[in-house]
Amino acid sequence: MRILHALFVQATAFSFFRATPTRSQTQFSSPSSKVSIFESTKESIFESIVFNRYAAGRFDPDFVIPIPLLSSILKLSLRAPTSFNSQPYRIVSIQDHATKQKLSKFCIGRNADRVRDCSALVVFCADNHSGSRINIRRLRRFFQSHPAVPQSPSSSLRTSLLISFFASSYPFLPRFLSRIISFFVRLAINTINLLKIREQRLVLPTLTSAETWATKNTMLVASTFMLAASSRDLETCPMEGFNQSGIRKVLNLSRKFTIPIIIATGKRLERVEDFADGVGVVHSNSRGTGSKASMRMEDSLTMI
């Protein structure tokens with residue numbers, strides 16, 4: 001079956017819990033004001049953004065990201081690629097101090113401090129039931145709003161079926177039955193691939209669970225968010241040490257969402273010395289080229 005990479009756009013809206021007005025807004029200067037696009041190559045600009053990104057250990061509790069700036073970073077994040085542009089995620093941005101206090105109770109060790117002190121906590125939620133929301137009517141609305149995309153009914157149907165196939169979700173069936181069928185479909189395809197791998201006559205994709213599929217797509221968005229924040233001279237800290245059920249409860253999120261990562265965002269707390277977190281891992285609070293240690297290239301990269 002020929003895969004139609006139709007641009008399916010209806011990004012799940014992100015929510016804002018606005019910051020309390022008690023904190024003063026801090027002026028912000030974009031690196032674009034310091035480095036002219038005409039004086040630097042695209043490669044050097046991107047390299048600077050990548051090298052300046054690092055996981056901040058502590059955040060300045062007095063710094064507040066202006067909402068227009070945070071909104072622009074989130075909008076850039078939505079440009080991240082996803083399978084068939086289905087965008088199976090939801091982004092929740094929290095600047096409200098009381099809400100961050102509640103969320104910090106479900107974080108482990110120093111993560112609780114980062115959640116409380118950061119200017120904005122961004123929660124990335126993978127939609128495990130995203131396939132169930134894909135239907136012909138929704139695709140037709142998209143095609144109608146984008147004249148450049150073919151509006152053939154067969155095209156919308158094909159795209160809908162492919163999304164359901166790769167997402168291991170079958171919206172036309174009851175949920176419990178969809179999970180059973182998804183398991184046996186993945187088992188059958190993996191068995192066929194195992195038997196035919198030597199002959200290479202039949203190549204089938206390796207399917208994963210709906211949660212894994214949605215999480216893979218969501219992490220692409222999270223990575224784009226961190227680079228976008230770095231390009232605005234902001235620090236981030238991706239975290240996985242938290243209780244997912246507690247985070248969902250505070251934010252009133254459906255159980256259909258898996259939370260693979262939360263990212264604290266703001267300005268680092270100015271301090272010279274390094275410090276150890278609750279589990280004994282030493283974190284550096286310095287920024288700049290070379291501040292992030294990487295494994296040897298030969299240990300992480302294979303070029304053929």
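Taken together, the values in this text are just the output of simple stated rules run on the coordinates, not laboratory data. Given the structure is predicted, the values throughout are model-derived calculations rather than measurements. Every residue, glycine among them, receives a Cβ derived from its backbone with ideal geometry; neighbour counts consider all protein chains shown.
Using the Karplus relation 6.51 cos²θ - 1.76 cosθ + 1.60 with θ = phi - 60°, the per-residue 3J(HN,Hα) values for region 241-248 come to x, 7, 8, 5, 4, x, 5, 4 Hz, with x marking Gly and Pro.
Which pairs in the list K216/K267; K100/K267; K105/K249; K100/K249; K216/K256 are over 20 Å apart, alpha-carbon to alpha-carbon? Pairs exceeding 20 Å: K216/K267. For the pair I192 and L161 in one chain, pulling the backbone fully straight at 0.36 nm per residue adds 9.1 nm over the alpha carbon distance. The label point for R179 and the one for N243, both projected 7 Å from the Cα toward the Cβ, are 2.3 nm apart. Here the simple spin-label model places points 7 Å from the Cα toward Cβ, and for L301 and L204 these points are separated by 3.7 nm. The slack between S223 and F51, meaning 0.36 nm per residue of separation minus the straight C-alpha distance, is 60.5 nm. By other beta-carbon atoms within 10 Å, ranking I262, I304, I181 with the fewest at the front produces I304, I181, I262.
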